[in-house]
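Chemist: Encoded as structure tokens, here's the structure I'll be asking about.
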Amino acid sequence: MKVLFTDIASLVSPVERFGELEILENACFLVEDGFVTFIGTERVPADETVSLSGQTVIPGFVDSHAHPVFAGDRAQEFAHRMMGESYGAGGINYTVGLTRAASDEELRSNLERIVGEFLASGITHFEAKSGYGLDVDTEARLLRIVSEYTTDVTFLGAHVVPRGEDREAYLASVCGEMLDRALPYSKWVDVFVDRGAFSVEEARRVLIAAVGKGLKPRLHANQLENIGAIDLALEFDCASVDHCTHLSDADIEKLAHSNTVITLLPGAEFSTRSPYPDAKKLVEAGITVAIATDCNPGSSYTTSMPFCIAVAVREMGLSPDQALWAATLGGAKALRNNLGTLQVGSKADFAVLDAPSHIHLAYRPGVQLVSQTYVSGRKVFERN
Ligand code: NIG
Ligand code: FE
């Protein structure tokens, strides 16, 4: 079955070099068996033709950092923060309590709502972490449930030490029984290395155990403070270090000479009223940057990649082109997969924007510009 998408005002795809886009105007493209097999300005024969009536087509967003499986919310915590209270990740234990008490059905239905919101925001692939169970059974349960929705599943047993538990015993469990139970569902391991969470030494123990059993490492690093997590990330060739709100010049220099992506999470600074990292400086240093939602009920309860792009452009100094790159190919690089482009051979994961160009994503903040989303050439979202 060949489907030709036509009448595209601008067809946008990132190319290999950070921040650079290839833009074809008055374009059409052919999808066959879930992959793009032709891109051009002339029409080619097809079984079906779909007119996109002068809209813009971009690759589906690749959300490389999300915590979408949990119960309840923390709206009051957010309200207090907006009135001046600071964020210290202490609310994680509140969500853990609600998550442990929730049934599989409740967790699945909350997750499905979030996945629906992801699709509506143009996200066609997402990474998903555990980390709100923090006991052997609940962590395994979260990972099992979320693995029904994505292949990029991350074991985050080392999110924080659960309230009332012995630190050493908990770490031993994370590196032992909890890890073993996580393995069948997980591809990645993550540790929250920060003030109030885990030290570099503790995180190293978790990474050694998990990498030794075949998981690939990534880190929550330098969100609240710089406690030296970047050196640890580079020691393990982490695919990505995420947050990076506080980085030293030496960190930047080392990251620039590594294969590790920095995943920026604009929703987290926004919702915790924290200073924004200087993305322009990172890009100028030659670092590959991704943008992700960090969707979670505490520090960043957004499922909107366009919102994150708008904030990254307005507050972090990325250009609209760079921000689009970071939210598509950047996310793919942070997950070390081959998604995030729209070229011949790409998986036909794309979003249609009701706008003449991708710049409108940042230019028109808060507007539902994504009118349709496709995964493997199949429509999975359409705006009313
Ligand atoms: O990525 N920083 C650690 N974890 C999450 C927040 C978790 C929470 O507050 O519930 C984050 O921001
Ligand atoms: Fe996070």
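Chemist: Figure the gain on full extension for E284 and D135 (residue separation times 0.36 nm, minus the Cα-Cα span) and round it to one decimal in nm. Present the calculation step by step, with values, prior to reporting the outcome.
Modeler: Working: separation 149, 0.36 × 149 = 53.64 nm, distance 4.22 nm.
Taking 0.36 nm per residue and subtracting the Cα distance, the gain is 49.4 nm.
Chemist: Starting from the Cα-Cα distance between V211 and H80, subtract it from 0.36 nm times their residue separation and give me the gain in nm to one decimal.
Modeler: On the way: separation 131, 0.36 × 131 = 47.16 nm, distance 3.90 nm.
Fully extending the segment from V211 to H80 adds 43.3 nm.
Chemist: What share of Cα pairs, in percent, lie more than 32 angstrom apart in the chain? Each step should come with its number before you reach the end.
Modeler: Details: 22502 of 73536 pairs.
In whole percent, the share of Cα-Cα pairs in the chain beyond 32 Å is 31.
Chemist: Spin-label point model (7 Å from Cα, Cβ direction): what's the D7 to L98 distance in nm?
Modeler: About 4.4 nm separates the two model spin labels.
Chemist: For the stretch 236-330, with only Lys/Arg (+1) and Asp/Glu (-1) charged at the beta-carbon, what is the dipole magnitude about the Cα centre, in debye rounded to 20? Intermediate results must be reported in sequence, preceding the final value.
Modeler: Details: 5 positive and 11 negative charges, 45 e Å.
Here the size comes out at about 220 debye.
Chemist: Moving on to the next point. Note down the nm distance, to one decimal, between modelled labels 7 Å out along Cα→Cβ at R273 and at S51.
Modeler: 5.1
Chemist: For the stretch 73-130, which GluC sites (Glu not before Pro) are both in a DSSP coil and crowded by at most 13 other Cβ atoms within 10 Å?
Modeler: Values: sites: E77, E85, E105, E106, E112, E117, E127; in loops: E85.
Those that pass, being in a loop and sparsely packed, are E85.
Chemist: List the residues of the stretch 137-166 whose backbone N lies under 19 Å from a point placed 7 Å from the Cα of D180 along the Cα-to-Cβ direction.
Modeler: Residues 137-144, 155-158 qualify, since their backbone N sits under 19 Å from the label point.
Chemist: Another one. Rounded to the nearest 500, what is the chain's calculated 222 nm mean residue ellipticity when only DSSP H runs of at least 4 contribute -39500 (n - 2.57) each, over all residues? Don't skip to the answer; put the middle values down first.
Modeler: Numbers: 15 runs with 132 residues, N = 384.
The per-residue figure over the chain is -9500 deg cm²/dmol.
Chemist: Which value, in debye to the nearest 20, gives the size of the charge dipole of the chain about its Cα centre, when Lys and Arg are +1 and Asp and Glu are -1 at the Cβ? Let's see the in-between values first.
Modeler: On the way: 33 positive and 51 negative charges, 37 e Å.
The dipole magnitude comes to about 180 debye.
Chemist: Still on this structure, I have one more. What nm distance separates the two modelled labels at V44 and E106, each placed 7 Å from Cα along Cα→Cβ?
Modeler: Modelled inter-label distance: 5.2 nm.
Chemist: Using Cα pairs closer than 8 Å and at least 6 residues apart in sequence, work out the relative contact order for the chain, in percent.
Modeler: Values: 938 pairs, mean separation 82.9, N = 384.
Relative contact order comes out at 22 percent.
Chemist: Could you give the length gained by full extension between N26 and N384, i.e. 0.36 nm per residue of separation minus their alpha carbon distance, to one decimal place? Intermediate results must be reported in sequence, preceding the final value.
Modeler: On the way: separation 358, 0.36 × 358 = 128.88 nm, distance 2.50 nm.
Length gained between N26 and N384: 126.4 nm.
Chemist: Can you find, among V50, Y374, L30, the residue sitting farthest towards the positive end of the charge dipole of the chain, where Lys and Arg contribute +1 and Asp and Glu -1 at Cβ?
Modeler: Farthest towards the positive pole: V50.
Chemist: So, one more: Using +1 at the C-beta of Lys and Arg and -1 at the C-beta of Asp and Glu, which of V174, F307, L232 has the Cα lying farthest in the positive direction of the dipole of the stretch 61-334?
Modeler: Selected residue: F307.
Chemist: Normalised by the residues of the stretch 90-196, what does the relative contact order come to in percent, with Cα pairs under 8 Å and at least six apart?
Modeler: Working: 128 pairs, mean separation 28.9, N = 107.
So the answer I get is 27 percent.
Chemist: Additional query: How many Å² of accessible area per residue for the stretch 61-334, probe 1.4 Å? Please list the in-between numbers first.
Modeler: Details: 9360 Å² over 274 residues.
Per residue, the stretch 61-334 has an accessible area of 34 Å².
Chemist: If you don't mind, another one. Tell me, what HN-Hα J-couplings in whole Hz come from the Karplus equation 6.51 cos²θ - 1.76 cosθ + 1.60 at θ = phi - 60° for each residue of the stretch 212-224, using x for Gly and Pro?
Modeler: Rounded to whole hertz, the list is x, 9, x, 7, 9, x, 8, 9, 7, 9, 6, 7, 9.
The values are calculated or read from the model by the stated rules, or taken from the named source; none is laboratory data. Being a predicted model, the structure only gives us computed values, none of them experimental. With ideal geometry, Cβ positions are generated from the backbone for all residues, glycine too; neighbour counts draw on all protein chains shown. SASA here: full protein model, heavy atoms, side chains in, ligands and nucleic acids out. Shrake-Rupley method; radii C 1.70, N 1.55, O 1.52, S 1.80 Å.
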